[in-house]
Amino acid sequence: MRFLVTGTAGFIGFHLAQRLLAEGHTVVGLDGFTPYYDLALKRRRHEILAGFAGFTAREVMLEDAQLTAEEVAQAQAEIVVHLAAQAGVRYSAENPRAYIDSNIVGSFNLLEALRRQPPRHFLVASTSSVYGANRQQPFEERHNTDQPLSLYAATKKATEAVAFSYADLYRLPTTVMRLFTVYGPWGRPDMALFRFTRNIIAGEPIEVYGAGKQMRDFTYIDDAVEAIVRLCARLPERDDSRAPYQVVNVGGGRPVGLDEFIAIVEDAVGRKALRRDVPMQPGDVPATAASTAVLERLTGFKPATPLREGVRAFVSWYRDYYGA
C-alpha cells in the first residue's frame with residue numbers, strides 16, 4: 001500500500017516507516033527537521049530509511065500550506081499517518097508559538113490538503129496529556145478532556161477537535177491515537193529515559209520531579225508501532241448518522257512510579273543515579289494510566305513489553321550509538 005507518514009525523522013515516525021517499508025509498502029515521509037533536539041539524530045534516522053527502495057523523503061514544514069498540498073497531491077496515499085508535531089510539555093511554556101504553528105496550523109493545512117485528496121484512512125497522533133486534570137483512572141476515551149494542563153495538551157486537544165469536524169463534514173475516516181509515554185531505541189533526547197541514561201552513565205545528577213511520586217504508563221516503541229499498524233486496517237464505522245471518527249488509547253495499562261522507573265534504569269546501566277529532587281513542573285500530570293479496552297476490541301492487541309526489557313534495549317542502543 002501507499003503510505004504518507006509525517007514526522008518520519010522523529011522517534012515514532014521513524015520506527016513506523018521502518019516497519020511499513022520492511023513489509024513491502026511504499027512510504028512518503030514528510031519532516032521539517034526542526035532544531036528542537038539533535039538534528040544529527042534526525043538525519044541518521046532518515047539515512048536508515050533511505051536504505052529502503054520504497055522510501056521517499058521530503059523536507060516539508062506543514063506550516064507551508066501550498067507545499068503541504070502539493071506533497072499530498074503527489075503522494076496519492078491510501079493511508080496517511082500524521083505524527084509530526086512539536087512535542088514536550090515543559091517546552092510549551094517556553095516557546096508556545098511553536099506549538100500553535102506546528103500542532104494546530106500544520107495539522108489544519110494537512111487536513112485541508114486531505115479534503116481535496118482523501119485517503120482511505122487518516123490516523124493522527126494525540127497524547128495522554130489531553131486527559132489533564134481528569135482524576136478518573138485508568139483514562140478511558142470517553143472521559144472528559146476539557147481541562148488540559150499544558151499548552152502542548154491544549155494544542156493536541158484542538159487537533160482532535162479539528163480532525164473530528166473534517167471527519168464529519170467531509171466523511172474522512174479518522175482515527176485519533178492517544179499515545180502514552182512511548183520509549184525505546186532512537187528515542188527523543190528530551191525524554192526522561194534518555195536524560196536519565198545519559199546522566200547516570202556520565203556520573204551527573206538526574207533531576208527527579210515531585211520527589212519521585214509521579215506515575216507513568218510506559219509504552220515500548222515496538223508495541224506502539226504494532227498498535228498503529230493494526231489500527232491502519234481498522235477504519236471507524238461510516239454511516240450517515242455520525243462522523244467516521246474514533247479515539248483509541250495506545251498504552252499498556254500498567255503505570256509505574258518514577259522511583260521504580262529510576263531503579264530499573266540504574267539496573268540496566270549498572271550504576272546508581274545521583275539524584276536532585278525538584279518540584280513538579282507546571283503542566284505535568286501526577287499520573288497516567290491507559291484503559292486498553294478499545295484498542296484490544298479493535299485490534300486484538302495490547303502493549304505487553306515489560307518495562308525492564310524495554311529499558312535494557314534502550315540503554316544498549318544508547319551505548320552503541322554514542323559509544324558510551
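Read the figures in this text as sums done on the coordinates, not as results from a lab. Please read all numbers here as calculations on a predicted model, not as lab measurements. Cβ placement follows ideal geometry from the backbone for every residue including glycine, while neighbour counts extend to all protein chains displayed.
In this structure, the amide hydrogen of V256, modeled 1.01 Å from its nitrogen in the peptide plane, lies closer than 5 angstrom to those of R216, D217, F218, counting only residues at least 5 positions away or on a different chain.
Per-residue extension of 0.36 nm, minus the Cα-Cα distance of R195 and D267, leaves a gain of 24.4 nm for this segment. Scalar couplings 3J(HN,Hα) for segment 309-316, obtained by applying the Karplus form with A = 6.51, B = -1.76, C = 1.60 to θ = phi - 60°, are 5, x, 5, 4, 5, 5, 4, 4 Hz; x denotes Gly and Pro. Farthest towards the positive end of the charge dipole of the chain, among the residues N249, Q214, Y131, is the Cα of Q214, using unit charges on the Cβ of Lys, Arg, Asp and Glu. Phi angles of segment 243-250 translate, via the Karplus equation with coefficients 6.51, -1.76, 1.60 and θ = phi - 60°, into HN-Hα couplings of 5, x, 8, 9, 10, 9, 6, 10 Hz per residue; Gly and Pro are given as x. Looking at segment 41-143, none of the chymotrypsin sites (Phe, Trp or Tyr not before Pro) sits in a DSSP loop with at most 10 other Cβ atoms within 10 Å of its own Cβ.
3J(HN,Hα) couplings calculated from phi for segment 50-66 with the Karplus curve 6.51 cos²θ - 1.76 cosθ + 1.60 (θ = phi - 60°) are, in sequence order, 5, x, 9, 5, x, 9, 10, 9, 9, 8, 9, 8, 5, 5, 8, 4, 5 Hz; Gly and Pro show x.
May I ask for the net charge around G257, where only other residues with Cβ less than 12 Å from the Cβ of G257 are counted and Lys, Arg are +1 while Asp, Glu are -1? Net charge around G257: 0. Using only Cα coordinates, the Kirkwood hydrodynamic radius of segment 201-252 works out to 15.0 Å. Amide H to amide H distances under 5 Å link Q147 with A133, where only residues 5 or more positions off or on other chains count and H is placed in the peptide plane. In this label model, R230 and E309 are separated by 1.5 nm, measuring between points 7 Å along each Cα→Cβ vector. Three principal axis extents of the chain based on alpha-carbon atoms, in descending order, are 56, 44, 39 Å.
The label point for R2 and the one for A65, both projected 7 Å from the Cα toward the Cβ, are 2.5 nm apart. Shape verdict for segment 251-302, please, from the Cα gyration tensor: rounded (a/c under 1.5), prolate (a/b greater than b/c) or oblate. The shape class here is oblate. Spin-label pair A211-E78: with each label point 7 Å from Cα along the Cα-Cβ axis, the two points sit 5.5 nm from one another. Between A324 and A287, residue separation times 0.36 nm minus the direct Cα-Cα distance comes to 10.1 nm. If a spin label sat at a point 7 angstrom from the Cα of E237 along the line to its beta carbon, the backbone N atoms of segment 289-319 nearer than 20 Å would be those of 292-301. Please list the non-local residues whose amide H lies under 5 Å from the amide H of V81, H modeled 1.01 Å from N, same-chain partners needing a gap of 5 or more. So V81 has HN proximity to L4, V5, T6, L123. Taking Cα centre as origin and charging only the Cβ of basic (Lys, Arg, +1) and acidic (Asp, Glu, -1) residues, the dipole magnitude of the chain rounds to 380 debye.
For the pair S316 and N144, the difference between a 0.36 nm per residue extended length and the Cα-Cα distance amounts to 58.0 nm.
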